[in-house]
Amino acid sequence: MNQATWDLFLSSLGPIVLGALTGTIPLALVSFAVGLVLALLLALMRLSRRRWLSWTARVYISIVRGTPLLVQLFVIFYGLPSLGVVIDPWPSAVFAFSINVGGYAAEVIRAAILSVPKGQWEAAYMIGMSHRRALTRIILPQAARVSVPPLSNTFISLVKDTSLASLILVTELFRQAQQVAAFSQEFMLLYLEAALVYWVICLALSSVQGVLEKRLDRYVAH
Amino acid sequence: MSPTDRPEGTDSTAPGGAPAAEALLRVRGLQKSFGPNQVLQSIDLTVARGQVLALIGPSGSGKTTILRCLNGLELADGGTIDLAGELSVDFATAPTRNHLSALRDRSAMVFQHYNLFPHKTVLENVVEGPVIVQRRPKAEVEAEALALLERVGLTAKKDSYPFELSGGQQQRVGIVRALALRPQLLLFDEPTSSLDPELVGDVLRLIKELAVEGWSMVIVTHELEFAREVATEIAFVDGGRIVEHGDPKQVLRDPKQERTRQFLHRLLFPF
């Protein structure tokens, strides 16, 4: 690597990391938080004995998982304006990513809830708990432990998927890299650099996952 | 804590000395089907205050289902359950959620597989119901829970998680968790069936002590020797009916029904 390339690498690191800090990371965090709430709701609907609730959730999940995220993003940002609904890039991205995470994480959470033995529900009822209290105090804490690894997967995928937001003009990591690349014509360097920053973020996330699992593991036999 | 400490225990009769006429639990015509399979035909049974009823019988005979109906874990299709003369649930008319929770408020169950909450410590397992559901003062409940844990020799384990305990210890915590709810009726569902043989004794001894103290209980068990010693009455359940019931010594030594005789013979001489 010659001096000029190295200089370009260093000088473009600023805007790329800034894109990560102001675009990629907050976009992923906010979408994941909203998506998780949605997912919990969908999982409970899916498990509900009321047919119309579980079917509504089923259909939602099927549509979200059966269509590309890029298409969802374009429908919201480029499609909705033709119906008179114009949403800014950032909220559009959050909207699309949340909907997407909601669909995927719902199945993870549903499986985690089902993985808690039936005896736990019965013991909770036995000590007098209502369904809701049994769910929040006894079942969900145990389901949380089970769902950390798959939800971490979902989150890491989301972080990388936020690069799609560059296509609806959100200033994030990849869009910053693209702009520098277009200007300098150093495509290989800039895209590898973007990849490197994504990788570092995901490494950090993996270690957070490790810490989280360890914390939730304190009551599990090894 | 003995049953007479309970606020709900309005009578001042000494434990075990309750007049035989005073029924704590009265079940009439209890029926339950799972799909086409009628597991309880028409169950009648009565437990007087301070008495211990042991339910014996082959697997699938319905004895566990009886217990689960008493705790509202299973919704019976027909029949009535009266508890303490103050609560009457008629299952022919669909009982409300309040009825079921009233049943649960007055009884507590000890499970075959303990079903302790794995994410809570021993002490947290015991105080969860009294503090969170019954809304009793935490300090008072904890003091009571610690006294109960000391009684079963588990004070040192109060901050341990269930997975760190042996089966016998877990089941003793299960019993303490039930006692801490201050129920009027204790329900045991094969409390020693998933224990290693060498750990069975501790748990049975504890249940026996509770019986002597005057707790009212219904126990589903395969331990005939234990039932003979602890129960005031034995009921032999088969095919969803109570085939025979009466004094434990009489039923076990000299059963009147042929079916009971067969069952006992098979238990006593398995091969």
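The values are calculated or read from the model by the stated rules, or taken from the named source; none is laboratory data. The structure displayed is predicted, hence computed values, not measured ones. Positions of Cβ are generated from backbone atoms using ideal geometry, with glycine treated the same way; all protein chains shown enter the neighbour counts.
Can you tell me which condition B:T221 does not meet? The list is (1) among the β-branched types (V, I, T); (2) in contact with a Pro (Cβ under 9 Å, 6 or more places away or on another chain); (3) within 20 Å of B:A23 (Cβ to Cβ), and all the others hold.
(3)
If you take the residues in segment B:90-117 that are buried (at least 21 other Cβ atoms within 10 Å of the Cβ), part of a strand (DSSP E or B) and more than 8 Å from chain A (Cβ to nearest Cβ), which one is modelled with the lowest pLDDT?
Selected residue: B:S107.
Under 6 Å between Cβ atoms, which residue pairs at least 6 apart in sequence (or on different chains) link something in segment A:107-131 that is at the interface with chain B (Cβ under 8 Å from one of its Cβ atoms) with a partner that is aromatic (F, W, Y) and not in a helix (DSSP H, G or I)?
Qualifying pairs under 6 Å: none.
Report whether or not B:D189 is modelled with pLDDT of 95 or more, touching a helix residue (DSSP H, G or I) at 6+ places or on another chain (Cβ under 7 Å), within 12 Å of another protein chain (Cβ to nearest Cβ) and surrounded by fewer than 21 Cβ atoms within 10 Å (Cβ to Cβ).
no
Given the options B:R177, B:R182, B:R135, name the one that is within 14 Å of another protein chain (Cβ to nearest Cβ), touching a residue at least 24 places away in the same chain (Cβ under 8 Å), surrounded by fewer than 23 Cβ atoms within 10 Å (Cβ to Cβ) and out of contact with any Ser or Thr (no Cβ under 8 Å at 6 or more places or on another chain). Don't jump to the end; show me each part of the working.
Working: B:R177 fails: surrounded by fewer than 23 Cβ atoms within 10 Å (Cβ to Cβ); B:R135 fails: touching a residue at least 24 places away in the same chain (Cβ under 8 Å).
Matching residue, one of B:R177, B:R182, B:R135: B:R182.
Filter segment A:131-152 down to residues that are modelled with pLDDT under 95 and of a type in the set (S, T, Y) and give me whichever is nearest to the chain's Cα centre (by Cα).
A:S152
Tell me yes or no: at least one residue of segment A:143-160 is assigned to a loop (DSSP other than H, G, I, E, B), among the β-branched types (V, I, T) and within 14 Å of another protein chain (Cβ to nearest Cβ).
no
Of the conditions (1) surrounded by fewer than 19 Cβ atoms within 10 Å (Cβ to Cβ); (2) without any contact (Cβ under 8 Å) to a residue 60 or more places away in the chain; (3) in contact with a Leu (Cβ under 8 Å, 6 or more places away or on another chain); (4) in a helix (DSSP H, G or I), A:L70 fails just one. Which one is it?
All conditions are met except number (2).
Starting from segment B:151-163, take each residue that is within 14 Å of chain A (Cβ to nearest Cβ) and list its partners that are among the basic types (K, R) and in a loop (DSSP other than H, G, I, E, B), counting only C-beta distances under 9 angstrom and pairs at least six apart or across chains.
B:Y161/B:K120; B:P162/B:K120
Can you pull out the residues in segment B:28-47 that are surrounded by fewer than 15 Cβ atoms within 10 Å (Cβ to Cβ) and either in contact with a helix residue (DSSP H, G or I) (Cβ under 6 Å, 6 or more places away or on another chain) or not in a strand (DSSP E or B) (or both)?
B:G35, B:P36
For B:G239, indicate whether it is of a type in the set (G, A, S), closer than 21 Å to B:G60 by Cα and more than 14 Å from every other protein chain (Cβ to nearest Cβ).
yes
Take segment A:194-222 and flag every residue that is within 14 Å of chain B (Cβ to nearest Cβ) and in contact with a Leu (Cβ under 9 Å, 6 or more places away or on another chain).
none
When the residues of segment A:164-180 are filtered to those that are part of a helix (DSSP H, G or I) and surrounded by fewer than 20 Cβ atoms within 10 Å (Cβ to Cβ), which remaining residue is nearest to the chain's Cα centre (by Cα)? Give the steps one after another, and end with the answer.
Just the residues of segment A:164-180 that are part of a helix (DSSP H, G or I), to begin with: A:164-168, A:173-180.
Restricting the remaining residues to those that are surrounded by fewer than 20 Cβ atoms within 10 Å (Cβ to Cβ) gives A:167, A:178-179.
Working: A:L167: 18, A:Q178: 23, A:Q179: 25 Å.
Ranking the qualifying residues of segment A:164-180, first place goes to A:L167.
Taking segment B:206-251 only, how many residues are hydrophobic (A, V, I, L, M, F, W, C) and assigned to a helix (DSSP H, G or I)?
Residues in segment B:206-251 being hydrophobic (A, V, I, L, M, F, W, C) and assigned to a helix (DSSP H, G or I): 10 in total.
What number of residues in segment B:39-56 are over 14 Å from B:R241 (Cα atoms), touching a residue at least 40 places away in the same chain (Cβ under 8 Å) and not charged (D, E, K, R)?
7
Kindly evaluate B:I207 against the criterion of being in contact with a Phe, Trp or Tyr (Cβ under 9 Å, 6 or more places away or on another chain), under 30 Å from B:A102 (Cβ atoms) and more than 14 Å from chain A (Cβ to nearest Cβ).
yes
In segment B:66-89, what residues are among the acidic types (D, E) and more than 14 Å from every other protein chain (Cβ to nearest Cβ)? Show your work before the answer.
Initially, segment B:66-89 is screened for residues among the acidic types (D, E), giving B:74, B:77, B:82, B:86.
Correct list: B:D77, B:D82, B:E86.
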